[in-house]
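Have a look at the structure below, then the notes.
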């Protein structure tokens with residue numbers, strides 16, 4: 001059977017805000033398993049658990065950027081194992097780390113995580129979208145929209161429903177930093193722009209995700 005592929009970058013911040021969010025994960029499982037005509041490529045981020053471990057390491061000693069990245073990568077893999085186990089038998093039998101590794105094409109759900117230092121799992125989502133011929137990535141995290149400026153610092157920051165890659169990349173810059181908390185990371189953004197991809201930022205609302213998947217009006221920002 002030919003499935004339409006949906007690539008979903010799932011932020012670690014909504015998998016584990018402080019503790020594992022079982023309410024969110026339960027509703028996520030219910031929605032993904034109910035949509036039978038799509039293949040889902042779900043790439044899990046590290047989120048707050050990643051940053052907690054990175055901060056702890058830096059408090060004890062001077063830690064290299066490479067080592068901080070590896071801490072983050074391992075956090076993404078733990079989160080991905082949780083999501084894979086919840087989604088069960090319809091998933092490819094193991095978490096994908098290398099975006100080029102062999103995948104069981106008979107399985108409807110593939111779970112991925114971090115691979116190597118130098119970028120976030122957003123780049124893995126872009127690479128898997130390229131591999132599966134998908135031109136859109138859905139980004140779920142604790143960031144509901146792209147804003148014209150950091151809303152925590154600028155009270156006049158505006159929610160944006162659409163933004164070009166050029167404008168977005170001016171906002172996020174071009175440098176990767178381990179633990180960076182951006183709507184979509186700078187390295188992945190460059191690759192997505194070059195590939196002509198669209199990224200949709202939608203926050204952590206399951207109902208909002210369902211509306212997007214059904215082609216209905218949704219809340220969020222389209223980067224294209």
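The values are calculated or read from the model by the stated rules, or taken from the named source; none is laboratory data. All values reported here derive from a predicted model rather than from experimental measurement. Ideal geometry is used to build each Cβ from the backbone, glycine not excepted, and the neighbour counts take in all protein chains shown.
One table, with the values for the structure above:
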{"quantity": "Any hit, region 158-165, residues being part of a loop (DSSP other than H, G, I, E, B), touching a residue at least 12 places away in the same chain (Cβ under 8 Å), in contact with a helix residue (DSSP H, G or I) (Cβ under 9 Å, 6 or more places away or on another chain) and crowded, with 18+ Cβ neighbours inside 10 Å", "calculated": "no"}
{"quantity": "Output for region 208-222, where each listed residue is outside any loop (DSSP other than H, G, I, E, B) and within 17 Å of the chain's Cα centre (by Cα)", "calculated": "208, 209, 210, 212, 213, 221, 222"}
{"quantity": "Those residues of region 137-157 which are in contact (Cβ under 8 Å) with a residue 60 or more places away in the chain and surrounded by 16 or more Cβ atoms within 10 Å (Cβ to Cβ), in sequence order", "calculated": "137, 138, 139, 140, 141, 143, 144, 145, 146"}
{"quantity": "Residue match in region 109-130 (condition: surrounded by fewer than 19 Cβ atoms within 10 Å (Cβ to Cβ) and either without any contact (Cβ under 8 Å) to a residue 40 or more places away in the chain or touching a strand residue (DSSP E or B) at 6+ places or on another chain (Cβ under 6 Å) (or both))", "calculated": "no"}
{"quantity": "Residues (at pLDDT below 95 and under 20 Å from residue 109 (Cβ atoms)) located in region 40-53", "calculated": "45"}
{"quantity": "Only listed residue being in a loop (DSSP other than H, G, I, E, B) and modelled with pLDDT under 95, chosen from 93, 88", "calculated": "93"}
